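In what follows, a single structure is set out as C-alpha cells and then discussed.
Computed from the coordinates by the stated procedures, all read-outs in this text should not be read as laboratory data. Only a predicted model underlies this, so the values are computations on that prediction, with no experimental measurement involved. Here Cβ is always computed from backbone atoms with ideal geometry, including for glycine, and neighbour counts include all displayed protein chains.
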C-alpha cells in the first residue's frame with residue numbers, strides 16, 4: 001500500500017464551533033437539560049468557555065446535548 005492509499009490517522013471533521021465565537025448561545029446539558037446562556041469566548045477540542053451574567057463558565061463538550069445561537073425572534077424586523 002502506497003503512502004497515498006493509507007488512511008490518515010487524523011481526519012478533519014467539519015467544525016461548527018468557530019461560527020459561534022463571539023455570539024450569544026444557549027447550551028443544554030445532557031444531565032437534566034439545564035440551559036446555560038452566554039457568549040462564546042474561546043474553545044479548544046474539549047471545552048467551551050462562556051461569558052455569562054454570573055461570570056465565566058467552562059463547559060465540557062462531552063456534556064453538551066444541544067447548542068444554538070440566540071438570535072432575533074421570528075418575524076422580528078429591525079426598523080430602518
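Just a few scattered comments:
- Distance (nanometres) between label positions extended 7 Å along Cα→Cβ at residue 56 and residue 21: 1.6 nm
- Stokes-Einstein translational diffusion, the range 17-69 - Kirkwood Rh over all Cα pairs, 0.692 mPa s, 37 °C, in µm²/s: 305 µm²/s
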